[in-house]
(Lines give C-alpha, C1' and ligand atoms only; values in the text may rest on other atoms or scores of the structure.)
Protein backbone atom coordinates (compact mmCIF):
# COMPACT_ATOMS: atom_id res chain seq x y z
CA UNK A 1 0.00 0.00 0.00
CA UNK A 2 1.10 3.54 -0.73
CA UNK A 3 1.12 6.43 1.68
CA UNK A 4 -2.24 7.97 2.58
CA UNK A 5 -2.22 11.51 1.23
CA UNK A 6 -4.36 14.38 2.44
CA UNK A 7 -5.07 17.21 -0.02
CA UNK A 8 -6.29 20.60 1.17
CA UNK A 9 -7.53 22.36 -1.97
CA UNK A 10 -8.75 25.93 -2.36
CA UNK A 11 -12.28 26.17 -3.73
CA UNK A 12 -14.07 29.24 -5.06
CA UNK A 13 -16.05 30.00 -8.21
CA UNK A 14 -16.22 33.77 -8.84
CA UNK A 15 -19.00 33.19 -11.39
CA UNK A 16 -21.27 31.67 -8.73
CA UNK A 17 -22.74 34.27 -6.37
CA UNK A 18 -23.42 31.58 -3.78
CA UNK A 19 -19.79 30.44 -3.77
CA UNK A 20 -17.46 31.54 -0.97
CA UNK A 21 -13.70 30.91 -0.69
CA UNK A 22 -12.96 27.82 1.39
CA UNK A 23 -10.75 24.74 1.58
CA UNK A 24 -11.94 21.21 0.74
CA UNK A 25 -10.15 18.09 1.93
CA UNK A 26 -9.61 14.98 -0.19
CA UNK A 27 -7.82 11.72 0.54
CA UNK A 28 -5.91 9.47 -1.87
CA UNK A 29 -3.58 6.51 -1.62
CA UNK A 30 -0.24 7.30 -3.21
CA UNK A 31 0.78 5.24 -6.23
CA UNK A 32 4.18 4.76 -7.88
CA UNK A 33 5.45 7.86 -9.73
CA UNK A 34 2.31 9.80 -8.82
CA UNK A 35 2.42 13.49 -9.75
CA UNK A 36 0.01 16.18 -8.62
CA UNK A 37 -1.38 16.14 -12.16
CA UNK A 38 -2.33 12.48 -11.69
CA UNK A 39 -3.66 13.10 -8.18
CA UNK A 40 -5.86 16.02 -9.24
CA UNK A 41 -7.29 14.08 -12.17
CA UNK A 42 -8.08 11.17 -9.86
CA UNK A 43 -9.81 13.51 -7.42
CA UNK A 44 -11.86 15.05 -10.22
CA UNK A 45 -12.76 11.69 -11.75
CA UNK A 46 -13.39 9.77 -8.52
CA UNK A 47 -14.47 12.28 -5.89
CA UNK A 48 -15.51 15.73 -7.19
CA UNK A 49 -16.15 16.40 -10.87
CA UNK A 50 -16.55 20.16 -10.22
CA UNK A 51 -12.89 20.67 -9.27
CA UNK A 52 -11.31 23.27 -11.57
CA UNK A 53 -7.63 23.26 -12.56
CA UNK A 54 -5.71 23.65 -15.82
CA UNK A 55 -3.54 21.26 -17.79
CA UNK A 56 -2.58 20.70 -21.42
CA UNK A 57 0.73 19.01 -22.14
CA UNK A 58 1.57 17.01 -18.99
CA UNK A 59 5.24 17.49 -19.93
CA UNK A 60 6.28 20.75 -18.26
CA UNK A 61 6.07 22.67 -21.54
CA UNK A 62 2.74 24.53 -21.62
CA UNK A 63 2.87 25.99 -18.10
CA UNK A 64 -0.89 25.65 -17.65
CA UNK A 65 -0.83 23.63 -14.43
CA UNK A 66 1.15 26.11 -12.32
CA UNK A 67 -0.20 26.56 -8.78
CA UNK A 68 0.93 27.12 -5.22
CA UNK A 69 2.09 23.79 -3.82
CA UNK A 70 2.53 24.04 -0.07
CA UNK A 71 3.06 27.76 -0.56
CA UNK A 72 5.56 27.55 -3.44
CA UNK A 73 4.72 28.16 -7.13
CA UNK A 74 5.42 25.10 -9.27
CA UNK A 75 4.02 22.90 -12.04
CA UNK A 76 1.64 20.14 -10.96
CA UNK A 77 2.66 17.90 -13.86
CA UNK A 78 6.30 17.52 -12.80
CA UNK A 79 5.83 17.64 -9.03
CA UNK A 80 5.88 14.13 -7.61
CA UNK A 81 3.93 13.46 -4.43
CA UNK A 82 6.87 11.34 -3.22
CA UNK A 83 8.79 14.59 -2.77
CA UNK A 84 6.02 16.13 -0.67
CA UNK A 85 4.74 15.47 2.87
CA UNK A 86 1.58 13.45 3.44
CA UNK A 87 -0.47 16.63 3.80
CA UNK A 88 -0.48 18.80 0.66
CA UNK A 89 -2.07 22.24 0.36
CA UNK A 90 -2.90 23.54 -3.11
CA UNK A 91 -3.79 27.17 -3.87
CA UNK A 92 -4.17 29.17 -7.10
CA UNK A 93 -1.33 31.45 -8.21
CA UNK A 94 -1.63 34.99 -6.82
CA UNK A 95 -1.40 38.12 -9.03
CA UNK A 96 -3.42 36.56 -11.87
CA UNK A 97 -7.21 36.73 -12.27
CA UNK A 98 -8.93 33.75 -10.68
CA UNK A 99 -11.15 31.69 -12.96
CA UNK A 100 -12.12 29.12 -10.32
CA UNK A 101 -10.51 26.88 -7.69
CA UNK A 102 -6.91 26.34 -8.91
CA UNK A 103 -7.46 27.83 -12.37
CA UNK A 104 -6.18 31.34 -13.16
CA UNK A 105 -6.06 33.44 -16.32
CA UNK A 106 -2.35 33.90 -17.09
CA UNK A 107 -2.99 34.59 -20.78
CA UNK A 108 -4.45 38.06 -20.27
CA UNK A 109 -1.55 39.10 -18.02
CA UNK A 110 1.13 37.79 -20.39
CA UNK A 111 -0.47 39.36 -23.45
CA UNK A 112 -0.53 42.75 -21.73
CA UNK A 113 3.08 42.28 -20.60
CA UNK A 114 4.30 41.36 -24.09
CA UNK A 115 2.55 44.39 -25.56
CA UNK A 116 4.01 46.65 -22.87
CA UNK A 117 7.60 45.55 -23.52
CA UNK A 118 6.99 45.42 -27.29
CA UNK A 119 8.02 41.79 -27.46
CA UNK A 120 8.89 41.55 -31.13
CA UNK A 121 11.81 42.27 -33.45
CA UNK A 122 12.04 45.99 -34.26
CA UNK A 123 13.57 46.61 -37.67
CA UNK A 124 13.08 48.89 -40.65
CA UNK A 125 14.19 46.22 -43.12
CA UNK A 126 11.62 45.18 -45.70
CA UNK A 127 10.84 41.47 -45.48
CA UNK A 128 12.14 39.51 -48.46
CA UNK A 129 10.72 35.98 -48.54
CA UNK A 130 13.43 34.73 -50.91
CA UNK A 131 16.33 36.25 -48.98
CA UNK A 132 18.61 34.12 -46.81
CA UNK A 133 18.25 34.32 -43.06
CA UNK A 134 20.62 36.66 -41.26
CA UNK A 135 23.64 34.71 -39.97
CA UNK A 136 24.15 34.33 -36.23
CA UNK A 137 26.89 32.55 -34.32
CA UNK A 138 25.98 29.31 -32.59
CA UNK A 139 27.05 30.76 -29.24
CA UNK A 140 24.73 33.76 -29.58
CA UNK A 141 21.87 31.57 -30.79
CA UNK A 142 22.29 29.33 -27.75
CA UNK A 143 22.34 32.34 -25.40
CA UNK A 144 19.11 33.65 -26.92
CA UNK A 145 17.54 30.18 -26.79
CA UNK A 146 18.39 29.95 -23.10
CA UNK A 147 16.06 32.88 -22.46
CA UNK A 148 13.48 31.71 -25.01
CA UNK A 149 12.85 28.59 -22.89
CA UNK A 150 10.36 30.57 -20.78
CA UNK A 151 6.97 28.80 -20.90
CA UNK A 152 5.04 31.73 -19.38
CA UNK A 153 3.72 29.59 -16.54
CA UNK A 154 3.60 32.57 -14.16
CA UNK A 155 5.59 30.95 -11.33
CA UNK A 156 8.17 33.76 -11.30
CA UNK A 157 5.42 36.39 -11.16
CA UNK A 158 3.59 34.62 -8.35
CA UNK A 159 6.83 34.32 -6.36
CA UNK A 160 7.71 38.00 -6.81
CA UNK A 161 7.15 40.15 -3.74
CA UNK A 162 6.90 43.34 -5.80
CA UNK A 163 4.40 41.86 -8.28
CA UNK A 164 2.22 40.85 -5.34
CA UNK A 165 2.29 44.46 -4.10
CA UNK A 166 2.01 46.37 -7.39
CA UNK A 167 -0.28 45.40 -10.24
CA UNK A 168 1.74 47.47 -12.73
CA UNK A 169 5.10 45.85 -11.95
CA UNK A 170 6.47 44.12 -15.05
CA UNK A 171 8.09 41.18 -13.31
CA UNK A 172 11.05 38.94 -14.15
CA UNK A 173 9.42 37.42 -17.21
CA UNK A 174 9.22 40.89 -18.81
CA UNK A 175 12.86 41.60 -18.00
CA UNK A 176 13.78 38.22 -19.47
CA UNK A 177 11.99 39.16 -22.69
CA UNK A 178 13.77 42.52 -22.87
CA UNK A 179 17.13 40.83 -22.27
CA UNK A 180 16.39 38.37 -25.07
CA UNK A 181 15.76 41.14 -27.63
CA UNK A 182 18.76 43.16 -26.46
CA UNK A 183 20.91 40.15 -27.40
CA UNK A 184 19.32 39.78 -30.84
CA UNK A 185 21.29 41.64 -33.56
CA UNK A 186 18.16 41.79 -35.71
CA UNK A 187 16.47 44.12 -33.20
CA UNK A 188 17.53 47.69 -34.02
CA UNK A 189 16.26 49.42 -30.88
CA UNK A 190 18.75 51.70 -29.17
CA UNK A 191 19.65 51.49 -25.48
CA UNK A 192 17.68 54.70 -24.93
CA UNK A 193 14.59 53.10 -26.49
CA UNK A 194 14.94 50.09 -24.20
CA UNK A 195 15.33 52.50 -21.29
CA UNK A 196 12.03 54.17 -22.14
CA UNK A 197 10.31 50.77 -21.89
CA UNK A 198 11.90 49.22 -18.82
CA UNK A 199 13.92 51.93 -17.04
CA UNK A 200 11.18 52.87 -14.57
CA UNK A 201 10.00 52.06 -11.05
CA UNK A 202 7.47 49.62 -12.48
CA UNK A 203 10.34 48.19 -14.52
CA UNK A 204 13.84 47.06 -13.59
CA UNK A 205 14.41 49.81 -10.97
CA UNK A 206 11.40 48.56 -9.01
CA UNK A 207 12.88 45.07 -8.56
CA UNK A 208 13.54 44.33 -4.88
CA UNK A 209 16.25 41.80 -5.71
CA UNK A 210 14.73 39.05 -3.55
CA UNK A 211 15.13 36.57 -6.45
CA UNK A 212 12.04 34.56 -5.62
CA UNK A 213 11.59 34.49 -9.40
CA UNK A 214 14.71 32.42 -9.99
CA UNK A 215 13.96 30.12 -7.06
CA UNK A 216 10.50 29.35 -8.47
CA UNK A 217 11.33 29.03 -12.18
CA UNK A 218 10.58 25.41 -13.19
CA UNK A 219 12.81 25.73 -16.30
CA UNK A 220 15.84 27.00 -14.33
CA UNK A 221 16.25 30.09 -16.52
CA UNK A 222 19.16 32.23 -15.19
CA UNK A 223 16.94 35.15 -14.17
CA UNK A 224 19.39 36.40 -11.54
CA UNK A 225 22.10 36.94 -14.17
CA UNK A 226 19.75 38.69 -16.58
CA UNK A 227 18.27 40.96 -13.91
CA UNK A 228 21.78 42.02 -12.84
CA UNK A 229 22.93 42.66 -16.41
CA UNK A 230 19.76 44.56 -17.29
CA UNK A 231 19.95 46.69 -14.13
CA UNK A 232 23.54 47.70 -14.96
CA UNK A 233 22.69 48.54 -18.56
CA UNK A 234 19.64 50.56 -17.59
CA UNK A 235 21.59 52.29 -14.80
CA UNK A 236 24.18 53.46 -17.31
CA UNK A 237 21.41 54.42 -19.75
CA UNK A 238 19.74 56.52 -17.03
CA UNK A 239 22.99 58.44 -16.48
CA UNK A 240 23.30 59.11 -20.21
CA UNK A 241 19.63 60.07 -20.28
CA UNK A 242 20.10 62.65 -17.52
CA UNK A 243 23.22 64.15 -19.12
CA UNK A 244 21.55 64.40 -22.52
CA UNK A 245 18.60 66.27 -20.97
CA UNK A 246 20.99 68.59 -19.09
CA UNK A 247 23.11 69.51 -22.10
CA UNK A 248 20.16 69.84 -24.45
CA UNK A 249 18.50 72.52 -22.34
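The values are calculated or read from the model by the stated rules, or taken from the named source; none is laboratory data. Here the structure is a predicted model, which is why all the values come from computation and not from measurement. Methodologically, a virtual Cβ is constructed for each residue, glycine included, from the backbone with ideal geometry; neighbour enumeration extends over all protein chains shown.
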> Residues in segment 210-222: is at least one surrounded by 18 or more Cβ atoms within 10 Å (Cβ to Cβ) and over 25 Å from residue 77 (Cα atoms)?
Replying inline: no
>> Here is a list: 84, 90. Which entry is within 21 Å of residue 160 (Cα to Cα) and either within 23 Å of the chain's Cα centre (by Cα) or in the same structural domain as residue 218 (by TED's automatic domain parsing) (or both)?
In response: 90
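One line per residue, one yes/no per condition, for (1) outside the structural domain of residue 211 (by TED's automatic domain parsing); (2) touching a strand residue (DSSP E or B) at 6+ places or on another chain (Cβ under 9 Å); (3) touching a residue at least 60 places away in the same chain (Cβ under 8 Å):
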| residue | (1), (2), (3) |
| --- | --- |
| 124 | no, no, yes |
| 138 | no, no, no |
| 148 | no, no, no |
| 154 | no, yes, yes |
| 170 | no, no, no |
| 173 | no, no, yes |
| 176 | no, no, no |
| 179 | no, no, no |
> Does residue 37 satisfy the criteria of being part of a helix (DSSP H, G or I) and either more than 22 Å from residue 4 (Cα to Cα) or without any contact (Cβ under 8 Å) to a residue 60 or more places away in the chain (or both)?
Replying inline: yes
> So how many residues does segment 71-87 have that are assigned to a helix (DSSP H, G or I) and either touching a helix residue (DSSP H, G or I) at 6+ places or on another chain (Cβ under 7 Å) or modelled with pLDDT of 95 or more (or both)?
Replying inline: 5
> Within segment 40-66, which residues are modelled with pLDDT of 95 or more and either touching a helix residue (DSSP H, G or I) at 6+ places or on another chain (Cβ under 6 Å) or loosely packed, with under 13 Cβ neighbours inside 10 Å (or both)?
Replying inline: 45, 46, 49, 50, 51, 53, 65, 66
>> What's the total number of residues in segment 152-183 that are surrounded by fewer than 19 Cβ atoms within 10 Å (Cβ to Cβ) and farther than 16 Å from residue 206 by Cβ?
In response: 2
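Kindly establish whether residue 117 is buried (at least 19 other Cβ atoms within 10 Å of the Cβ) and either more than 11 Å from the chain's Cα centre (by Cα) or under 18 Å from residue 226 (Cβ atoms) (or both). Before you say what the answer is, go through the steps one by one.
Working: buried (at least 19 other Cβ atoms within 10 Å of the Cβ): yes; either more than 11 Å from the chain's Cα centre (by Cα) or under 18 Å from residue 226 (Cβ atoms) (or both): yes.
Criteria met by residue 117.
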>> So residue 95 passes all but one of these: (1) at positive phi; (2) in contact with a strand residue (DSSP E or B) (Cβ under 8 Å, 6 or more places away or on another chain). Which condition number does it fail?
In response: (2)
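A quick yes/no check of all residues on (1) on the phi < 0 side of the Ramachandran plot; (2) touching a residue at least 60 places away in the same chain (Cβ under 8 Å):
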| site | (1), (2) |
| --- | --- |
| 3 | yes, yes |
| 19 | yes, no |
| 55 | yes, no |
| 60 | no, yes |
| 64 | yes, yes |
